[in-house]
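Read the structure below first, then the notes.
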């Protein structure tokens, strides 16, 4: 009987340990920039100047604010996040620049990996939306190697959709749409562009103005060196 009880205790301890080990942050799909902007209290970009561990389970991050689209009026901002990604903490790095989506936390700001907070260099679609909304100029970006292509929005869509891309050098840019069989449906752009952030729109029509059926399509942005592609869904 004593051995049975001991075995039972061992089993229970193992189960508890495995249960704790299985804990992890679980986020739903991140909202599009327009939705995220309405959901939070603060939206701003800045560079991390200090990271302080105040107590086990959380850290305070101080940023030098570059541009504020919502909520932040000071030159510096202090925010809280959990101390590791397993509990949804955002992995900030010193001297790096970020776009912050934050909520009210006591007298400060809180963010986590379930918000749209991200490195500034990966915030092309967000900056495009925010700058159109407010008329502000984009902060200086660490541009990607050649092309950064964002997911179209809305997606699925009907009748039209928009996507944003960024290039870091002057090049002749081609934007094309293909169907699931790999057949080219439409050329949206074929012209020289300078470095910067751009947007393009597809209205669901082919080259002859014929409405395309519901289904999966691919859009590509390419220069002479590289091609970036993403999938989109037309749902009529």
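Across the stretch 80-94, a minimum of one residue is classified as surrounded by 15 or more Cβ atoms within 10 Å (Cβ to Cβ) and within 27 Å of residue 165 (Cα to Cα). Of the residues that make up the stretch 94-102, is at least one without any contact (Cβ under 8 Å) to a residue 40 or more places away in the chain and under 19 Å from the mean Cα position of the chain (by Cα)? No: the stretch 94-102 contains no residue that is without any contact (Cβ under 8 Å) to a residue 40 or more places away in the chain and under 19 Å from the mean Cα position of the chain (by Cα).
The residues in the stretch 48-90 that are part of a loop (DSSP other than H, G, I, E, B) and in contact (Cβ under 8 Å) with a residue 12 or more places away in the chain can be counted, and the count is 8. The set of residues from the stretch 225-236 being assigned to a loop (DSSP other than H, G, I, E, B) and at pLDDT 95 or above comprises just one member, 235. Residue count for the stretch 200-224 under the criterion of being modelled with pLDDT of 95 or more, over 27 Å from residue 129 (Cβ atoms) and assigned to a loop (DSSP other than H, G, I, E, B): the result is 6. Selection of first residues in the stretch 207-236 that are at positive phi and in contact (Cβ under 8 Å) with a residue 24 or more places away in the chain and of second residues that are surrounded by 12 or more Cβ atoms within 10 Å (Cβ to Cβ) and assigned to a strand (DSSP E or B), restricted to Cβ pairs under 8 Å at least 6 apart or on distinct chains, gives the following pairs, ordered by first then second residue: 215/179; 215/233; 215/234.
Residue-by-condition table, conditions (1) at pLDDT 95 or above; (2) assigned to a strand (DSSP E or B):
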site: 165; (1), (2): no, yes
site: 176; (1), (2): yes, yes
site: 181; (1), (2): no, no
site: 189; (1), (2): yes, yes
site: 198; (1), (2): no, yes
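Being over 24 Å from residue 31 (Cα atoms) and surrounded by 16 or more Cβ atoms within 10 Å (Cβ to Cβ) holds for only one residue in 172, 179, 152, 168, and it is 179.
The values are calculated or read from the model by the stated rules, or taken from the named source; none is laboratory data. Worth saying up front: this structure is predicted, and the values here are computed from it rather than measured. Neighbour counts are summed over all protein chains in view; Cβ atoms, including those assigned to glycine, are modelled from backbone coordinates with ideal geometry.
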